[in-house]
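K.L.:
Have a look at the structure that comes next, please.
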Amino acid sequence: LALALALALIHSTVWDAFITNFHLLGISICVLGRSRDRTVARLFDVVDVEFEGRVGAFVHAAGFFHERLLEHHFDGAISNFSVYDAYHSIYPKAFVAITEECLPRMSDGAGRVVCITNPGCNALQPPRVGYDMPGQGKATMEWLVRMYALRLAKRGLCVNAVSPGYTDTKEWDKARLQMGGGDIEAGRKKLDERVLSRSPMRRWADPSEIAQTVSFLCAEQSGLITGAFIPVDGGLHLC
């Protein structure tokens, strides 16, 4: 997603030069703190030094599969809030923490914020059974998108959400291993049978397909699109 976004927003000549130097120099930026607050602070220390304190777009695209996710559902089986809190931390709390730091660094009329949500995380669609823990966190993010969109419209900043369907990323390998009892290929078959039967197009999405929509929402021509939820799910939101 990051590469697709960069390709969409940076002139091709500039991008070619950048990516060549990036690989030659072995450049990477990674920040880690002992807490979320400290990690966010260190991240923006880097932004202020390396990017002159300017942010053009922020995309919250975290993916997370808790090892006990399949044991925690809203059916009387929740004995503590560890899994619930983990999803709230990585989804709405992290979204707010980083967005709040981005906003003072965004130029009026140009800043963009996009979050990745999922089908069934708003009142217009039926909730997805089995997605209990991640769903409650992403439902909160969808509310935050609407609130930020209203409050930031006067600055010309756009805040939107993209709702992918089943997207084939490495994070799904954790579910495949669990479902296959340690055999990832057996788990892959079981997972395909379960999830693809629910999707009208009956195929996994490629991450690049999601990235193209995100890059459009971060581009200049999307300046009147805000508070929107765009499904990229092969029709899953219709079911």
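K.L.:
Any chance the stretch 122-139 includes a residue that's of a type in the set (D, E, K, R) and in a helix (DSSP H, G or I)?
P.N.:
Looking through the stretch 122-139, at least one residue is of a type in the set (D, E, K, R) and in a helix (DSSP H, G or I).
K.L.:
Among Ile225, Ile230, which is the only one that is over 21 Å from Tyr166 (Cβ atoms) and touching a Leu at 6+ places or on another chain (Cβ under 9 Å)?
P.N.:
Exactly one of Ile225, Ile230 is over 21 Å from Tyr166 (Cβ atoms) and touching a Leu at 6+ places or on another chain (Cβ under 9 Å), namely Ile225.
K.L.:
Does Gly135 fit the bill of being touching an Asp or Glu at 6+ places or on another chain (Cβ under 7 Å) and either buried (at least 16 other Cβ atoms within 10 Å of the Cβ) or within 20 Å of Ser215 (Cα to Cα) (or both)?
P.N.:
no
K.L.:
If Ala110 satisfies every condition in (1) out of contact with any Pro (no Cβ under 9 Å at 6 or more places or on another chain); (2) without any contact (Cβ under 8 Å) to a residue 60 or more places away in the chain but one, which is the exception?
P.N.:
Unmet condition: (2).
K.L.:
Here is a follow-up. Taking only pairs six or more apart or across chains, which ones have beta-carbon atoms under 8 Å, a first residue in the stretch 214-231 that is over 11 Å from Gly111 (Cα atoms), and a second residue that is acidic (Asp, Glu)?
P.N.:
Phe229/Glu142
K.L.:
Return yes when Arg68 is surrounded by 14 or more Cβ atoms within 10 Å (Cβ to Cβ) and either under 26 Å from Trp172 (Cα atoms) or at pLDDT 75 or above (or both) and no when it is not.
P.N.:
no
K.L.:
Please pick out the residue among Ala41, Ala62, Ala6 that is over 19 Å from Thr140 (Cβ atoms) and either at pLDDT below 85 or charged (D, E, K, R) (or both).
P.N.:
Numbers: Ala41 fails: either at pLDDT below 85 or charged (D, E, K, R) (or both); Ala62 fails: over 19 Å from Thr140 (Cβ atoms).
When all the criteria are applied, what remains is Ala6.
K.L.:
Keeping to the stretch 41-61, report how many residues are among the small types (Gly, Ala, Ser), in a loop (DSSP other than H, G, I, E, B) and buried (at least 16 other Cβ atoms within 10 Å of the Cβ).
P.N.:
Summing the residues that are among the small types (Gly, Ala, Ser), in a loop (DSSP other than H, G, I, E, B) and buried (at least 16 other Cβ atoms within 10 Å of the Cβ) in the stretch 41-61 gives 1.
K.L.:
Test Tyr84 against the criterion of being crowded, with 18+ Cβ neighbours inside 10 Å, under 27 Å from Val162 (Cβ atoms) and hydroxyl-bearing (Ser, Thr, Tyr), and give yes or no.
P.N.:
no
Okay, residues lined up against (1) in contact (Cβ under 8 Å) with a residue 12 or more places away in the chain; (2) over 19 Å from the mean Cα position of the chain (by Cα):
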site	(1), (2)
His72	yes, yes
Phe81	no, yes
His88	yes, no
Arg128	no, no
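The values are calculated or read from the model by the stated rules, or taken from the named source; none is laboratory data. Everything numeric in this text was worked out from a predicted model, so none of it was measured. Glycine also receives a Cβ, built like all others from the backbone with ideal geometry; neighbour counts cover every protein chain displayed.
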